[in-house]
Amino acid sequence: MRKFRLAVLEGDGIGPEVIQEGLRVLRAAEAKFDLHFECTYAAIGAGEFLRGGNPLPSTALDLCAECDAILLGAAGLPNIRWPDGREMAPQIDLREHFHLYAGVRPIRLYHSSHSPLKNHAAGEIDFVMFRESTEGLFASRHRAADLNANEATDTLRITRATSEKLFRAAFEEARRRRGLVTLVDKANVLPSMAYFRHIFDEISREFPDVRTERVYVDAMALYLVQSPQRFDVLVTENMFGDILSDLAAGIVGGMGMAPSADIGAKHAVFQPAHGSAPDITGRGTANPVATIRSVALMLDWLGASEAGQAIRMSVETVLRNPENATPDLRGTLTTQQLGEMIAAAV
């Protein structure tokens with residue numbers, strides 16, 4: 001039996017609700033694949049800030065450092081903010097603290113009725129976005145906003161070391177998939193993006209078996225709506241990835257369908273890409289699929305890929321019937337009912 005320690009950070013809003021279903025499916029995979037996860041919980045987020053004055057206490061960080069993986073529900077609430085107006089974002093603090101440079105965002109269409117786009121069959125939209133997670137425009141976020149100043153500036157930061165790791169991760173993923181990496185940048189305008197592209201071109205020579213293309217970010221927003229089926233692995237800067245990954249989720253059913261992994265050399269956080277959704281908290285209507293698919297990504301990262309694949313196939317099997325859906329997908333199932341269906345399929 002393979003044993004792992006898992007830090008569970010339920011967070012705010014619907015975080016505890018979707019985490020419960022992610023763990024339900026994980027327990028089903030444990031039984032089938034001779035795994036064991038020792039789960040230890042820690043409180044983070046806006047609620048923890050209200051209780052103790054820190055949205056990411058040192059006890060939670062210490063736990064995360066000791067565990068094999070980190071499973072996060074959602075963090076932050078729109079009405080709980082720092083004095084300068086920014087929301088609290090302990091999930092970003094975790095990325096920076098543990099140097100989680102690669103934000104992995106898989107996008108897959110499970111049923112044609114889930115997409116607002118026309119004429120796309122199940123499985124036809126299937127790509128993964130690699131978003132740099134610690135630099136880019138987010139690098140300026142620790143500067144306090146001077147709300148009385150005459151201007152404000154943010155710096156887009158690109159480093160060679162982080163970019164090289166990000167690009168190699170994207171190319172290695174393409175080798176496991178369909179062999180195409182698309183760089184998304186704004187190299188025609190921004191010097192930082194010209195530098196980003198230059199490093200991409202250098203790393204691409206290490207992978208002569210992988211095809212490459214380069215697309216400006218504004219054009220990519222168009223192509224993801226017009227022809228998303230053409231893409232395999234996308235790689236981009238932090239802010240561009242933040243925006244495009246939400247657009248990409250929208251074409252396959254919304255944020256409830258969007259898993260994510262933030263991966264570093266020694267640590268990784270797995271979480272649904274959606275927020276805490278306080279408007280539906282406690283109603284039992286949140287879509288748990290993003291969390292369940294994040295659990296599958298976690299199993300892959302831990303070397304239990306057979307269990308991860310079993311979860312992905314179970315999601316595929318359940319969602320093949322469009323009636324198996326929560327309200328965001330025009331269904332009537334509760335969070336727990338959909339989680340139980342997927343766990344049973346595992």
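The values are calculated or read from the model by the stated rules, or taken from the named source; none is laboratory data. These numbers come from a predicted model, not from an experiment. Reconstructed Cβ throughout: ideal geometry from the backbone, glycine too, with neighbour counts over all protein chains shown.
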message: When you scan segment 151-167, do you find a residue that is aromatic (Phe, Trp, Tyr), outside any loop (DSSP other than H, G, I, E, B) and at pLDDT 95 or above, even just one?
response: yes
- prompt: Within segment 67-81, can one find any residue that is among the charged types (D, E, K, R), in the same structural domain as ASP262 (by TED's automatic domain parsing), closer than 21 Å to PHE98 by Cβ and assigned to a strand (DSSP E or B)?
  reply: no
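Every residue, every condition in (1) in a loop (DSSP other than H, G, I, E, B); (2) closer than 29 Å to GLU96 by Cβ; (3) not acidic (Asp, Glu), yes or no:
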{"residue": "SER245", "(1), (2), (3)": "no, yes, yes"}
{"residue": "GLY253", "(1), (2), (3)": "yes, no, yes"}
{"residue": "ALA261", "(1), (2), (3)": "no, yes, yes"}
{"residue": "PHE270", "(1), (2), (3)": "no, yes, yes"}
{"residue": "PRO278", "(1), (2), (3)": "yes, yes, yes"}
{"residue": "THR291", "(1), (2), (3)": "no, yes, yes"}
{"residue": "ALA325", "(1), (2), (3)": "yes, no, yes"}
field: Qualifying position, being closer than 25 Å to MET257 by Cβ and in contact with a Leu (Cβ under 7 Å, 6 or more places away or on another chain), among PHE200, PHE127
entry: PHE127
statement: How many residues of segment 244-302 are among the aromatic types (Phe, Trp, Tyr) and assigned by TED's automatic domain parsing to the domain that holds VAL215? The answer is 0
query: Would you pick out the residues in segment 125-148 that are not in a loop (DSSP other than H, G, I, E, B) and not small (Gly, Ala, Ser)?
result: ASP126, PHE127, VAL128, MET129, PHE130, ARG131, GLU132, LEU137, PHE138
- prompt: Restricting attention to segment 71-90, does a residue exist that is touching a Phe, Trp or Tyr at 6+ places or on another chain (Cβ under 8 Å) and farther than 20 Å from THR281 by Cα?
  reply: no
query: Looking only at segment 293-320, which residues are assigned to a loop (DSSP other than H, G, I, E, B) and either at pLDDT below 95 or within 16 Å of the chain's Cα centre (by Cα) (or both)?
result: none
- request: Mind listing just one residue for me: the one in segment 29-43 that is surrounded by fewer than 18 Cβ atoms within 10 Å (Cβ to Cβ) and in contact (Cβ under 8 Å) with a residue 60 or more places away in the chain and, of those, farthest from LEU61 (Cα to Cα)?
  value: LYS32
- line: Reported set for segment 243-260 where residues are among the aliphatic types (A, V, I, L, M), surrounded by 21 or more Cβ atoms within 10 Å (Cβ to Cβ) and closer than 13 Å to VAL18 by Cα is MET257, ALA258
message: For the condition farther than 30 Å from GLU87 by Cβ, β-branched (Val, Ile, Thr) and touching a helix residue (DSSP H, G or I) at 6+ places or on another chain (Cβ under 8 Å), what is the one hit in VAL181, VAL128?
response: VAL181
statement: Among LEU61, LEU94, LEU117, the single one that is closer than 30 Å to TYR223 by Cα and not assigned by TED's automatic domain parsing to the domain that holds MET239 is LEU117
query: Looking at PHE240, is it assigned to a helix (DSSP H, G or I) and of a type in the set (Phe, Trp, Tyr)?
result: yes
query: Looking at segment 92-124, which of its residues are assigned to a loop (DSSP other than H, G, I, E, B), touching a residue at least 40 places away in the same chain (Cβ under 8 Å), of a type in the set (A, V, I, L, M) and farther than 19 Å from THR326 by Cα?
result: LEU100, LEU117
Hits in segment 8-28 - residues which are surrounded by fewer than 24 Cβ atoms within 10 Å (Cβ to Cβ) and small (Gly, Ala, Ser): ALA28
